[in-house]
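So the structure is just underneath, and the comments pick up after that.
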Amino acid sequence: MTAEAPTQHLDAVVIGGGQAGLAIGYLLAQQGLRFTILEAAGEPAAAWRTRWDSLKLFTSVRYDSLPGLTFPGAPDSYPGRDDVVAYLTDYAQRFELPVEFNSRVRSVRSRDGGFLVELADRTYAADQVVVATGPFQVPFTPAMAAELSTEVVQLHSSEYRSPGGLPAGPVLVVGGGNTGYQIAAELAQSRQVDLAVGARQAPLPQRILGRDLFRYLEATGLMRKTVTSRIGQRLKDNETLVGSSPRGARKQGIRMRTRAIGARSSTVTFADGSEIAVDAIVWATGFRLDHSFVESPVFDDRGQVNHERGVTATQGLYFLGLPWQHTRGSALLGWVKDDAQYIAQRIHVLARTRATASAHPALSGLPPR
């Protein structure tokens, strides 16, 4: 199959079958559009399945729902990894969303006012495309990792499952976000743990006066502050710690370290000049986005998407689920629906405009489809 012979012509193609892709899929189904959701993995909720066994969301059930289906459980409880996997799996099945698994997209490019979406074995023509591949795409490990001896066991946080997957001795966790603190806290129950934190994050308690933190963030409007606002500009490049803090980590016996700046053999050096010998490291150093398959002039010189709330300058091309796409919640399970609804409305308007153009070309400047 080649890009010159599309398998099927659709109103829309959604790339990515995680929470963002499912949310927009539900809304497109409500519109009655002909669309598909292409998921590279072989099963639902793939990104969540690769997280560690004991993961707990820092948002309560009250704030974890996608459009059309309430997340099950007590509103003030905090779901685990398997709860999220079950919910997303049920969501896709319940609404009979057209998710195609084992469908990695090789390229998206413009053609004839629409797009060609090319896979290894087939190609779709689509009027509109939503890239909803989420924030957990390519695990990032610092270059210094290559300087360590092969005898040092190294795992990225996406590979870590439980303490049993590491040697019994001391462990260094590198990364001061929520992931790093959660993994360090679990490991500290069975061994000595050092936690290297590069930049201080603002720690917030998970509950205040018995109420979930996000009830206050919603009530004060902070969750709705946009990326272009003054406070959004200050917060967008800094992860907020929820339910964790350096002080709390020390109480659990975790030794706090400054930024890891170098490694050699089995030794890691920190910004304050100290160093330790390590047997094992968990790199909780995050992920990088990879949109290299999108062949469209919508990226800046750093490879970041140029967009306004997910809408690009290329008509009909959208991104969904990016960190701080519009607000702090854009990449979070319970808030991605806000951007999804916005983009779904844009898709609806363009689809209607093009339908009118096809029926009455003289009424529109758009080319007939």
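Please report the antiparallel percentage of the DSSP beta bridges confined to the chain, to the nearest 5.
The antiparallel proportion sits near 45 percent.
Can you list the lysines whose alpha carbon is less than 21 Å from that of K251, not counting same-chain residues fewer than 8 positions off?
By straight Cα distance, K251 reaches K56.
In the Gaussian network model of the chain, springs joining C-alpha atoms below 10 Å, which of G262, G114, G321 carries the largest mean-square fluctuation?
G262
Rounded to whole Å, give me the distance from the Cα center of the range 255-309 to that of the range 90-163.
19
In what sequence, highest mean first, do 128-139, 97-108, 144-155 appear when ranked by Cβ atoms within 10 angstrom?
The most tightly packed comes first, giving 128-139, 97-108, 144-155.
Once amide H atoms are placed 1.01 Å from N in the peptide plane, what residues at a sequence separation of 5 or more from R207, or on another chain, have their amide H within under 5 Å of its amide H?
Those lying under 5 Å, H to H, from R207 are L213.
Give the calculated FRET efficiency between R211 and H360 to the nearest 0.05, with a Förster radius of 56 Å applied to their Cβ-Cβ distance.
The formula returns an efficiency of 0.50 here.
Can you tell me the length gained on complete extension of the stretch R94 to V153, counting 0.36 nm per residue apart and subtracting the Cα distance?
17.1 nm
Arrange the following residues from fewest to most other Cβ atoms within 10 Å of their Cβ: Y342, Y124, Y318.
In order of increasing Cβ crowding within 10 Å: Y342, Y124, Y318.
Would you mind telling me which residue in A45, A280, A168 has the biggest mean-square fluctuation in a Gaussian network model of the chain, where springs connect alpha carbons within a distance under 10 angstrom?
Maximum among the listed residues: A168.
So how tilted is helix 81-94 from the main axis of the chain? Cα-based, degrees 0 to 90, rounded to 10.
For helix 81-94, the angle is close to 10 degrees.
For the chain, build the convex hull from the C-alpha positions and give me its volume per residue in Å³.
158
With the Cα gyration tensor of the range 193-243 giving a ≥ b ≥ c as the square roots of its eigenvalues, does the rule (a/c under 1.5 for rounded; else a/b larger than b/c for prolate; else oblate) give rounded, prolate or oblate?
oblate
Which ordering of W335, W283 is given by a fewest-first count of other beta-carbon atoms within 10 Å?
W335, W283
Hey, with R₀ at 30 Å, roughly what FRET efficiency would A202 and T226 work out to, going by the Cβ-Cβ distance, to 0.05?
Working from the Cβ atoms, E equals 0.95.
Against the empirical 2.2 N^0.38 Å scaling, what ratio does the C-alpha Rg of the range 179-293 come to?
1.29
When the helices in the chain are scored as -39500 (n - 2.57) per DSSP H run of 4 or longer and the sum is shared across all residues, what 222 nm value do you end up with, to the nearest 500 deg cm²/dmol?
-7000 deg cm²/dmol
Pull up the cross-link candidates among the lysines for K225, meaning alpha carbon to alpha carbon under 17 Å and not fewer than 8 places away within one chain.
Partners within reach: K236, K337.
Roughly how big is the range 291-349's charge dipole about its Cα centre, with Cβ charges of +1 (Lys, Arg) and -1 (Asp, Glu), in debye to the nearest 20?
Magnitude of the dipole: close to 200 debye.
Comparing G221, G310, G232, which has the greatest mean-square fluctuation in the GNM of the chain with Cα pairs linked when under 10 Å apart?
G221
Along the positive direction of the dipole of the chain (beta-carbon charges: Lys, Arg +1; Asp, Glu -1; about the Cα centre), which of Q192, S60, Q93 reaches farthest?
It is S60, whose Cα lies furthest towards the positive end.
As I understand it, the value is the acute angle between the Cα axis of helix 178-187 and the longest principal axis of the Cα atoms of the chain; what does it come to in degrees, rounded to 10?
Taking Cα atoms only, the helix is inclined about 40 degrees.
Going by how many other beta carbons lie within 10 Å of each one, how would you line up L350, L195, L55, fewest first?
L350, L55, L195
Please identify which residues in the range 162-197 have an amide N closer than 17 Å to a label point set 7 Å out from the Cα of I261, following the Cα→Cβ vector.
Label zone hits: 175, 196-197.
Once both axes come from the Cα atoms, what is the angle between helix 336-359 and the longest principal axis of the chain, in degrees from 0 to 90, rounded to 10?
20
For the chain, with only Lys/Arg (+1) and Asp/Glu (-1) charged at the beta-carbon, what is the dipole magnitude about the Cα centre, in debye rounded to 20?
With only Lys, Arg, Asp and Glu charged at Cβ, the dipole is about 1140 debye.
Each value in this text was obtained by applying a stated rule to the coordinates, not by laboratory testing. From a predicted model like this one, the values you see are computed outputs, not experimental measurements. Using ideal geometry, Cβ is built from the backbone for each residue, glycine included, and neighbour counts are taken over all protein chains shown.
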